[in-house]
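In what follows, a single structure is set out as structure tokens and then discussed.
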Amino acid sequence: MKRTFLFNLAVALLGGAFSATAAEATLGIGDPAPKLAVGEWVQGEPVKEFQKDKTYLVEFWATWCGPCRTSIPHLNEIHTKFKDKGLVVIGQNVWERDESLVKPFIEKMGDKMTYRVAMDDKSERERGAMAETWMQAAGQNGIPAAFLVGKDGKIAWIGHPMSLKDSVVEEVLAGTFDVAKSAADFKKQRESRTEMARLSSLFSEAMKDKKWDEADAALSEIAKLMPDGQQAVATARLQILLGKGDTEAAASLAEQISGRAKDNSAMQNRLAWQLLSQENLSGKALATAHAIAVRANEAAGGKDASILDTLARATYMKGDKAKAIELQQKAVELAEDEDLKKQLQSNLDSFKKDQLPKAD
């Protein structure tokens with residue numbers, strides 16, 4: 001069971017690998033919306049073409065997409081609030097792995113998903129016509145993603161459906177929305193995301209090649225592009241310090257990150273484990289790792305087997321073999337997954353032999 005936390009900055013910060021760069025993206029805000037290319041209308045009255053007296057919200061989703069499940073009820077609220085004011089909401093299924101799951105999914109969602117739902121047309125394009133002419137064309141590589149089309153048939157807004165404000169919908173319906181400003185903001189965001197993808201690639205390659213100074217330089221540039229993501233940046237910088245073998249500096253940074261997420265047991269556990277998996281950890285760095293492991297266990301209410309395993313390791317490394325065995329025994333008892341239980345039992349056996357288990 002490999003539990004060492006490997007931080008993949010590109011995925012964590014960008015939400016997935018980029019499939020379209022700004023240069024490849026040809027569709028933007030202010031452009032005429034592409035035609036609807038639907039394979040099948042699964043729910044609701046079909047929309048053959050955009051009508052001039054209607055505003056359309058086309059949201060791309062899939063049954064396997066966790067964030068889509070979260071955004072669907074919000075989308076349904078928008079549908080309910082504005083359906084009698086000229087807004088037509090279309091849940092456009094895209095990138096579906098198993099299309100047989102779509103209808104059962106809609107049925108299960110019930111009154112949380114009452115708007116129109118359509119399948120993509122894959123008769124001529126393997127990935128789907130809507131996937132290519134809308135998503136790929138607009139440089140949108142992640143779902144959920146939504147397009148708001150005004151009464152003039154032009155795209156007024158593109159973004160994550162959870163960030164769509166009622167005021168934007170109201171202004172688009174009234175024809176007062178500032179599309180030019182929206183287009184400028186969208187262009188700036190797309191350019192920023194493209195630069196982020198480039199820097200993230202540089203960071204990942206530098207980390208893989210253990211070129212710590214190059215990785216740090218790329219990370220510093222990334223930090224400038226994401227003022228609201230300093231926690232993720234700090235976590236990435238922790239990886240650099242650990243890579244360099246500077247455990248004292250890493251422990252100091254881990255303590256700072258820990259202090260900003262005291263109730264996040266998973267985060268606390270990852271931080272503690274990253275330190276505890278280092279060879280010859282001692283002194284202040286070990287004390288910090290133990291303190292964070294204690295914090296993780298408290299946040300989890302002492303009921304998480306993996307977190308107890310981390311705390312047991314920290315306790316053993318501090319020299320309290322008896323307490324480590326006690327904690328590890330409880331971890332084994334709490335583990336429900338058989339593979340996890342076997343690994344934790346193996347760690348317990350190591351403690352009893354007065355041996356520190358391998359970090360993996």
Can you confirm whether S220 is surrounded by fewer than 16 Cβ atoms within 10 Å (Cβ to Cβ) and at pLDDT below 90? no
S167 is checked against (1) more than 21 Å from P46 (Cβ to Cβ); (2) touching a residue at least 24 places away in the same chain (Cβ under 8 Å) and fails just one. What number does that condition carry? (2)
Residues S204, S200, S167, S192: which one is within 18 Å of I29 (Cβ to Cβ) and not assigned by TED's automatic domain parsing to the domain that holds V89? S192
Test of understanding: among K103, K122, which residue is assigned to a loop (DSSP other than H, G, I, E, B) and of a type in the set (K, R)? K122
Residue, nearest to the chain's Cα centre (by Cα), within the stretch 225-247, restricted to residues that are among the charged types (D, E, K, R) and either over 20 Å from E205 (Cβ atoms) or buried (at least 20 other Cβ atoms within 10 Å of the Cβ) (or both): D228
Quick one: count up the residues across the stretch 165-182 that are out of contact with any Asp or Glu (no Cβ under 6 Å at 6 or more places or on another chain), surrounded by fewer than 21 Cβ atoms within 10 Å (Cβ to Cβ) and farther than 17 Å from V88 by Cα. 5
Failed condition for W41, given (1) in contact (Cβ under 8 Å) with a residue 60 or more places away in the chain; (2) in contact with a Gly (Cβ under 9 Å, 6 or more places away or on another chain); (3) assigned to a strand (DSSP E or B), with all others met? (2)
Given the criteria in the same structural domain as Q92 (by TED's automatic domain parsing), surrounded by fewer than 18 Cβ atoms within 10 Å (Cβ to Cβ), among the aliphatic types (A, V, I, L, M) and touching a residue at least 60 places away in the same chain (Cβ under 8 Å), does M162 qualify? yes
Residues in the stretch 62-79: is at least one within 24 Å of P32 (Cβ to Cβ), in the same structural domain as E171 (by TED's automatic domain parsing) and not in a helix (DSSP H, G or I)? no
Looking at this structure, is E40 assigned by TED's automatic domain parsing to the domain that holds S163, among the acidic types (D, E) and at pLDDT 95 or above? yes
Here are A156, A131: which of them is farther than 15 Å from R69 by Cβ, touching a strand residue (DSSP E or B) at 6+ places or on another chain (Cβ under 7 Å) and assigned to a helix (DSSP H, G or I)? A131
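Quick one: which residue in A137, A129, A118 is surrounded by 22 or more Cβ atoms within 10 Å (Cβ to Cβ) and in contact (Cβ under 8 Å) with a residue 60 or more places away in the chain?
A118
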State whether the residues of the stretch 290-297 include one that is under 15 Å from S346 (Cα atoms), buried (at least 23 other Cβ atoms within 10 Å of the Cβ) and free of Cβ contacts under 8 Å to residues at least 60 places away in the same chain. no
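Quick check: anything in the stretch 183-198 under 26 Å from A289 (Cα atoms), within 24 Å of the chain's Cα centre (by Cα), in contact (Cβ under 8 Å) with a residue 60 or more places away in the chain and surrounded by 18 or more Cβ atoms within 10 Å (Cβ to Cβ)? Lay out the reasoning, then the answer.
Of all residues in the stretch 183-198, those under 26 Å from A289 (Cα atoms) come to none.
So far as the stretch 183-198 goes, no, none of its residues is under 26 Å from A289 (Cα atoms), within 24 Å of the chain's Cα centre (by Cα), in contact (Cβ under 8 Å) with a residue 60 or more places away in the chain and surrounded by 18 or more Cβ atoms within 10 Å (Cβ to Cβ).
The values are calculated or read from the model by the stated rules, or taken from the named source; none is laboratory data. In this text, all values refer to a predicted model and were calculated from it rather than measured experimentally. Glycine gets a Cβ as well: all are built from the backbone with ideal geometry, and neighbour counts include every protein chain shown.
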